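Okay, so here's the structure we're looking at.
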Amino acid sequence: MSPVLQSPYTGHYTNMPWKEESPPPDPVGLCPVWKKVLYERQPFPDNYVDQSFLEELRKNIYVRHYRYWSVVFESAVVIQQLCSVCVFCVIWWYMDQDLLSPLRLFGVGLAFTLLGYLLFDAVDHGSGRKDNGRTRWDDLKSSLVFLAFTYGFSPVLKTLTESISTDTIYAMSVLMLLGHLVFFDYGANAAVVSSTLSINVAIFASVCLASRLPRSLHAFAMVTFAIQIFALWPSLQRKLRAYTPRTYRCVTLLFAIFSLLGLLSISGVGALLFLLLLLSVTFLCPYWLIQLQLFKDNIHGPWDEAEIKEDLSQFLN
């Protein structure tokens, strides 16, 4: 039985059925206009939209148009980290085969660290150090404390993983170095980026590998070198990238050549595969990135979540 309705215009009751899917007739014969609001009661179903709803449809409004050579130059950050891991593994192999003495590694690493510190301080004329309220004497004291603690705990580091098999140590080190590459801060604003986690897993891998070296002095030199290449070297690279891009690209090229020559001295096949990896990251991946932009089809419209762009901190106190 149809519900009995009272007409708002005649004041009489009628037995005409009411359909929720269609709007009621207007007194002048026109349909009511649908409004995109929720605070007014309208004679439309909840899922009703009219033709004006799609007028606000926009596609790919945030698409970035890349230039090939710009992307190639930006890939130098990834190349730097791949080469850092490669150099670290090569140095460890030389130490494990007793082809490189720990004193020579420590001396060369210390000389390059001092040179890099002077370059780091000269690029911005010491403004970064002064902004943090540090002096050269503070940096020297921190370095001496770190070297003293590392040297003192080197016997502990040497015997830390004696109860773990060598194959497990190698597998853990590979996973940790891969984690270092994944979580490293390449400049992208992503949730996976974590500089602290990246450095920690790299140092953990260096401690695991250092525990398989012949003596405690080897472990001390290896852990010190890991700090230099995984913590200090990226800081210098970021400073060069920000202030002297041309120098940064030249240093990246020289570093890649040095890592390839080091790997070539161990394995020709490994050097060839690493060279193919560097070429793919540098030239092939940017080409794929630009080509994949053509397949983007992101839509934006009135169905997107509302974004509050005003400062509401005054209401949160």
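Inside the stretch 143-183, can you point out the residues that are among the small types (Gly, Ala, Ser) and closer than 18 Å to Ile203 by Cα?
So the first thing to find is which residues in the stretch 143-183 are among the small types (Gly, Ala, Ser), and the list is 143, 148, 152, 154, 163, 165, 171, 173, 179.
Listed by number, the residues that qualify are Ser143, Ala148, Gly152, Ser154, Ala171, Ser173, Gly179.
Can you tell me how many residues in the stretch 41-90 are farther than 30 Å from Leu260 by Cα, open to solvent by 100 Å² or more (accessible area, probe 1.4 Å) and part of a loop (DSSP other than H, G, I, E, B)?
Looking only at the stretch 41-90, we keep the residues that are farther than 30 Å from Leu260 by Cα, and these are 41-65.
The next check asks that each one be open to solvent by 100 Å² or more (accessible area, probe 1.4 Å); those that pass are 41, 46-47, 51, 54-55, 58-59, 62, 64-65.
Now drop any that are not part of a loop (DSSP other than H, G, I, E, B), which leaves 41, 46-47, 62, 64-65.
Final tally of qualifying residues: 6.
So the check is Cβ under 7 Å with 6+ separation or different chains; which pairs have a first residue in the stretch 210-230 that's in contact (Cβ under 8 Å) with a residue 12 or more places away in the chain and a second one that's aliphatic (A, V, I, L, M) and part of a loop (DSSP other than H, G, I, E, B)?
Ser211/Leu160; Ala219/Leu213; Met222/Leu213
For the stretch 151-187, what are the residues that are among the hydrophobic types (A, V, I, L, M, F, W, C), in a helix (DSSP H, G or I) and either more than 11 Å from the chain's Cα centre (by Cα) or loosely packed, with under 15 Cβ neighbours inside 10 Å (or both)? Talk me through it step by step, then tell me what you get.
Going residue by residue through the stretch 151-187, those that are among the hydrophobic types (A, V, I, L, M, F, W, C) are 153, 156-157, 160, 164, 169, 171-172, 174-178, 181-184.
When the remaining residues are screened for being in a helix (DSSP H, G or I), the result is 153, 156-157, 169, 171-172, 174-178, 181-183.
Listed by number, the residues that qualify are Phe153, Val156, Leu157, Ile169, Ala171, Met172, Val174, Leu175, Met176, Leu177, Leu178, Val182.
Filter the stretch 260-272 down to residues that are in a helix (DSSP H, G or I) and open to solvent by 60 Å² or more (accessible area, probe 1.4 Å), then give me how many there are.
4
Check off (1) of a type outside the set (Phe, Trp, Tyr); (2) in a helix (DSSP H, G or I); (3) within 20 Å of the chain's Cα centre (by Cα) for Ala190 and give me the number that stays unchecked.
Failing condition for Ala190: (2).
Given the options Ile164, Ile169, Ile203, Ile199, name the one that is over 21 Å from Tyr94 (Cβ atoms), of a type outside the set (Gly, Ala, Ser) and either modelled with pLDDT of 90 or more or in contact with a Phe, Trp or Tyr (Cβ under 7 Å, 6 or more places away or on another chain) (or both). Show your work before the answer.
Values: Ile164 fails: either modelled with pLDDT of 90 or more or in contact with a Phe, Trp or Tyr (Cβ under 7 Å, 6 or more places away or on another chain) (or both); Ile169 fails: over 21 Å from Tyr94 (Cβ atoms); Ile203 fails: over 21 Å from Tyr94 (Cβ atoms).
The match here is Ile199.
When you go through Ile257, Ile299 one by one, which is the residue that is farther than 30 Å from Ser211 by Cβ, among the β-branched types (Val, Ile, Thr), in contact (Cβ under 8 Å) with a residue 12 or more places away in the chain and open to solvent by 70 Å² or more (accessible area, probe 1.4 Å)? So that I can check it myself, show each step before the final result.
Numbers: Ile257 fails: in contact (Cβ under 8 Å) with a residue 12 or more places away in the chain.
Selected residue: Ile299, the only one of Ile257, Ile299 that is farther than 30 Å from Ser211 by Cβ, among the β-branched types (Val, Ile, Thr), in contact (Cβ under 8 Å) with a residue 12 or more places away in the chain and open to solvent by 70 Å² or more (accessible area, probe 1.4 Å).
Just give me the residues in the stretch 243-254 being touching a residue at least 60 places away in the same chain (Cβ under 8 Å) and open to solvent by 80 Å² or more (accessible area, probe 1.4 Å), in sequence order.
Tyr243, Arg249
Do we have Phe283 as farther than 26 Å from Gln97 by Cα, touching a helix residue (DSSP H, G or I) at 6+ places or on another chain (Cβ under 8 Å) and open to solvent by 80 Å² or more (accessible area, probe 1.4 Å) here? Give the derivation first.
Values: farther than 26 Å from Gln97 by Cα: yes; touching a helix residue (DSSP H, G or I) at 6+ places or on another chain (Cβ under 8 Å): yes; open to solvent by 80 Å² or more (accessible area, probe 1.4 Å): yes.
The answer is yes for Phe283.
Looking only at the stretch 254-288, which residues are under 22 Å from the mean Cα position of the chain (by Cα) and among the aliphatic types (A, V, I, L, M)?
Ala256, Leu277, Leu278, Leu279, Val281, Leu284, listed by residue number.
Only one of Val192, Val201 is out of contact with any Gly (no Cβ under 6 Å at 6 or more places or on another chain) and either hydrophobic (A, V, I, L, M, F, W, C) or surrounded by fewer than 20 Cβ atoms within 10 Å (Cβ to Cβ) (or both). Can you tell me which?
When all the criteria are applied, what remains is Val192.
The values are calculated or read from the model by the stated rules, or taken from the named source; none is laboratory data. Predicted, not measured: the structure shown is a model, and the values here were computed from it. Quick reminder, even Gly has a Cβ in these numbers, built from the backbone with ideal geometry, and neighbours come from all protein chains shown. These accessible areas exclude ligands, DNA and RNA; they are computed on the full protein's heavy atoms, side chains included. Shrake-Rupley method; radii C 1.70, N 1.55, O 1.52, S 1.80 Å.
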